[in-house]
Amino acid sequence: MRTQVGIIGAGPAGLLLSHLLHLRGISSVVLERRSREYVERRVRAGVLEQGTVDTLVEAGVGERLLREGLPHSGIELRYGGAGHRIPFEKLVPGRAITVYGQQEVVKDLIAARLAAGGDIRFDVDDVAVHSLEDAPYVTFGGQRLDCDVIAGCDGFHGISRPAVPDGVLTAYEREYPFAWLGILARVAPSAEELIYAQTERGFALHSMRSPEISRFYLQVPAGEDLAAWPDERIWAELKTRLETVPGFTLATGEIFEKGITPLRSFVTEPMQYGRLFLAGDAAHIVPPTGAKGMNLAVADVRVLTDALARFYADGSTEPLDGYSAACLKRVWRAQHFSWWMTTLLHTFDSDDAYARRLQTSYLDYVTSSEAAATTLAENYVGLPYDAPV
Ligand code: FAD
Ligand code: DHB
């Protein structure tokens, strides 16, 4: 079997790449180790930057997103007994975020690929990449896929990054001493906008998916066991961390999804080797506090699509050679923003009283200075793709 671009992984990165390449007349095959049902149900991100929304709409896969997505023009930072709104409409006019579940993006992309006759193989076993320097090919389930280029879009635990010979890639990494316990509940959101709450007991986030479904996250210790968190404990802790301003009551309901995610920062440099190009979580991970992971995956894939389009148009390898450098500026900006939001809002057991005072001082600054609030706002909604950062 032969295709132009072999894509490992049917997450947002792999699926969007396959779709964007198709729009440029470039063929691809997507190999995914999980079932279609599994990837369509995997609950993860929810915040789409303006540029991500524009990319999906321009690519013709934004119809349901525009209909069902929830546009937001601000977030609340809640700490010290008060809520403080960061008004995007004032600080970054014309730019906003849209709340729309990642699994809905995945469903829309799969539907679009299949409608266009796209080739996505689910449930494939033993995917391996070979001969990355010149004539790359992928083997899976006893078959062989020859291609010009391989896109490693297989997430942090995939096989693509580890296939690069030792000594080529450098990893930059930081682990945090806490994780996020995330839930979905059948209850109307208790607020119209997202609430990022900092308390002495730890961070809590109130988000949503629809007028009937709310999404919450709680900071819990790293390595925490989900079994230690029966529903009553989750609601009690969410109430303690969120009901900290006068007049706010958290509505509760049936919890139908629960999961724990470790928090990690990770970047590999470069994001390519020979004919293998890494995109999305395969190349970098951010802690979710800044809501950047899926948005970065989209940004990578835009760069890779343009580079591949040039390669097939006139044989030029320059944009492909520069792929990693073109992505890494944005990647590092998002790394810093995600680390900064995490540090600003979480409780570190190792913090002494001095460190806690610094945290409060920065929260006070961000919520009172227009310059500081604009820094948060422009990073949160996403810097323009051509920003010189
Ligand atoms: P993935 O979604 O991980 O997809 C990789 C795919 O590759 C998977 O389908 C996997 O099954 C497949 N795969 C893996 N190994 C193999 C193999 N050997 N062979 C074949 N296939 C393989 N990001 C945001 O932008 N905004 C948010 O609000 C946000 N919130 C988050 C909240 C949580 C709780 C979590 C966990 C993440 C959040 N993120 C957020 C991050 C976001 O979910 C990820 O960055 C995003 O999924 C990255 O997409 P990807 O396609 O690169 O990787
Ligand atoms: C959601 C996830 C995030 O990581 C975040 O910062 C905000 C919202 C969500 O899943 O809704």
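Only the coordinates and a few stated rules stand behind these numbers; no lab work does. Just so you know, these numbers come straight off a predicted model, no measurement behind them. As a convention, Cβ positions derive from the backbone with ideal geometry for all residues, glycine included, and neighbour counts pool all protein chains shown.
The table for this structure:
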| read-out | value |
| --- | --- |
| If the convex hull is drawn through the Cα atoms of the chain, its volume per residue in Å³ | 143 Å³ |
| Linear extension gain, MET1 paired with PHE266, 0.36 nm per residue minus alpha-carbon span | 92.0 nm |
| For the stretch 298-349, Kirkwood radius (reciprocal of mean inverse C-alpha pair distance, Å) | 12.8 Å |
| Pairs of lysines in the chain (C-alpha under 22 Å apart; 8 or more residues apart or interchain) | 6 |
| Centre separation in Å (Cα based) which lies between the stretch 71-129 and the stretch 188-228 | 17 Å |
| Rg and Dmax of the stretch 1-95, Cα atoms only, in Å | 18.0, 62 |
| Value at 222 nm in deg cm²/dmol, rounded to 500, when DSSP H runs of n ≥ 4 in the chain each add -39,500 (n - 2.57) | -11000 deg cm²/dmol |
| Net charge of neighbours whose Cβ lies under 11 Å from the Cβ of ALA179, counting Lys and Arg as +1 and Asp and Glu as -1 | -2 |
| Neighbour-count ranking [beta-carbon atoms within 10 angstrom, fewest first] of CYS147, CYS327 | CYS147, CYS327 |
| Computed magnitude of the charge dipole of the chain (debye, nearest 20; Cβ of K, R +1, Cβ of D, E -1) | 380 debye |
| Cα long-axis angle, helix 231-242 against the chain (0 to 90 degrees, to the nearest 10) | 70 degrees |
| Listed residues PHE216, PHE311, PHE337, most fluctuating in the chain (Gaussian network, C-alpha, under 10 Å) | PHE311 |
| Gap separating the Cα centres of the stretch 1-70 and the stretch 261-324, nearest whole Å | 14 Å |
| Alpha-carbon Debye profile of the stretch 226-324, log10 I(q)/I(0) at 0.12, 0.16, 0.21, 0.22 Å⁻¹ | -0.62, -0.80, -1.08, -1.14 |
| Taking the chain and dividing mean pair separation by its residue count, relative contact order in percent (alpha carbons under 8 Å, at least six apart) | 20 percent |
| Residue exposure sequence - ASP349, ASP54 - by fewest surrounding Cβ within 10 Å | ASP349, ASP54 |
| Exposure proxy order (Cβ contacts within 10 Å, fewest to most) of THR52, THR268 | THR268, THR52 |
| Distance histogram in 10 Å bins (all Cα pairs of the stretch 277-389, percent per bin) | 13, 36, 27, 15, 7, 2, 0 |
| GNM result for the chain, Cα springs below 10 Å: residue of ALA355, ALA299, ALA191 fluctuating most strongly | ALA355 |
| P(r) histogram, all alpha-carbon pairs of the stretch 28-77 included - 10 Å bins from 0, percent | 19, 39, 35, 7, 1 |
| log₁₀ of I(q)/I(0) at q = 0.20, 0.21 Å⁻¹ - the stretch 31-164, Debye sum with one point per alpha carbon | -1.20, -1.26 |
| More than 19 Å apart - percent of Cα-Cα pairs taken over the stretch 61-114 | 48 percent |
| Alpha-carbon radius of gyration plus Dmax, which is the widest Cα pair, for the stretch 117-268 in Å | 21.4, 65 |
| Paramagnetic reach from THR170 in the stretch 323-361 [backbone N under 14 Å; point 7 Å along Cα→Cβ] | 325 |
